[in-house]
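Enquirer: Take a look at the following structure, please.
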C-alpha cells in the first residue's frame, strides 16, 4: 500500500495490485470474486470535506468521519476463469477489510492535519446509522417470534438402555436481546437457534456417560454440530464444511450423534457449516461435563456465553457479526444485553464459579469488580492448585473457555464486564452489552 499527499486542501490514498492486461476481466463493485485466488486492482476516490476544511480522496459516496467504516466505489479485476459467485464471501470480506484500513489511514491523516493543515476531530457517533455490511443479512421472511425468553436453559433427556438421549432442533426465530431501553425499541435479532434459544440449551452430563444427540434441521440451509473441545469418534466430530467427517444435514433431515463422554470440563457445541455466518447467527450452546468423582463443588455455578450481533435495532435486519467487515453493535451474555442480563444473587462467604465461553469471533477481556478470582480450569482442563493464577481480568478469545472461582466476601452489587469498552454499549449507548452483576447479600 502507498499513501500520496497532494498538499492542502486535498489528500489521496491509492492501493493497487496490477493485473496483466491480457488476463483482466472487469467486475462491478457489487459483483463477487475470490480475491484469494485472483489478482485484483483497487482504486479509491472521492472529494468529501473533512472537519477544519479541505478534502480527502476516499472510496466513498457517503459521509466520512476519521476512523469510521467507509462505503466505497471500487474496481475489481480478476482472471476470467473465476466465476462471479465463486468465493463470494471471501471477496466481500477482503474488500471491506481494505475499506477499514483506508478509514484508519484517512482518520490519521485528518487527525494530524495533513489534509487541511489543521487538526480534525471525530464527531460524536452515538446514534449515527452504520452503513450496511456487504455480507448478506440473515433471511427473515416468515421467521416467527421466539417462544422462549431465556437462553442456555438446561436440556432434559430421556434414558434409553443406559444412553442419555437429547434432542436439538435447529430453527430460526426472532430473538429479543434487549427490551425497549432509552430511545431504542425492543431489539430483536433474526437468530438461528437450537430449540429456539440463544444461546442453545445447556447440555449437562457426567464423565463416562453414553450420550445420543438427535439433530433435526428446520433451517433454510444445511448445518451440523461440532462438539468443541471434546474427544469424540472422528465420525461424530461434525465437520461438514469441508465435508471431512460428514455431509451437511440438509433442511428437513435428521442426524444422530452418539459417543461416550470422556473428559469433565466446560465445552460448547456449534455448527460446522458456513461457520462465520451460522455461529454468528446464534448456532452455539454450552456443554458442561461434571466429573465422575467430584471434589469440592462451588456454591454457585454460572455459565456465561459471550456473543456479538450486528442488527438494525429498528428494523431487526440482522447480519453475522465479523471483525472489520460487519462490526457488531450489540453484545450479549447468554443471549441478553445489559441491562437485560442476569444478576447473580449469592450469600456472603459463598464460593462462586463462572464458566466463560467465547462463542463467536471477538475476544473479551472479562473483568470482575470487588474480588480477585483464581483460574481453576482452561478449555475444560483443570489447573493444578500450584499453577492457578490470581487475577481480576481474563481475556476470553474466540473458542476459549475459562472457569474462574472467587469467594463473595464483601456485600454489595458488583459487576462483571468486558474491558473492551465498546463491548459494553448498545448501539453506541453506554452502559450496555457485556455486563452482568453479582449481588452479595448477608
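Taken together, the values in this text are just the output of simple stated rules run on the coordinates, not laboratory data. Keep in mind it's a predicted model, so treat the numbers as computed, not measured. We place every Cβ from the backbone using ideal geometry, glycine too, and count neighbours over all the protein chains shown.
Enquirer: In segment 398-441, if every C-alpha pair distance is counted and binned at 10 Å from zero, what percent goes to each bin?
Expert: 24, 40, 32, 4
Enquirer: Once fully extended, how much extra length lies between residue 207 and residue 163, figured as 0.36 nm per residue of separation less the alpha-carbon to alpha-carbon distance?
Expert: Using 0.36 nm per residue and subtracting the Cα-Cα distance, I get 14.5 nm.
Enquirer: Relative to the compact-globule scaling 2.2 N^0.38 Å, provide the ratio for the alpha-carbon radius of gyration of segment 180-337.
Expert: In units of the 2.2 N^0.38 Å rule of thumb, it is 1.13.
Enquirer: Another question, if that's okay. What is the diffusion coefficient of segment 300-428 in µm²/s, taking the Kirkwood radius over Cα pairs and the Stokes-Einstein relation at 10 °C with a viscosity of 1.306 mPa s?
Expert: 102 µm²/s
Enquirer: At what distance in nm do the modelled label points of residue 297 and residue 250 sit from each other, each positioned 7 Å from its Cα along Cα→Cβ?
Expert: Calculated label separation equals 4.6 nm.
Enquirer: How long, wide and thick is segment 158-441, going by the Cα atoms along their three principal axes, in whole angstroms, largest first?
Expert: 51, 50, 31
Enquirer: Residue separation times 0.36 nm, minus the C-alpha to C-alpha distance between residue 410 and residue 386: what's the value?
Expert: 6.1 nm
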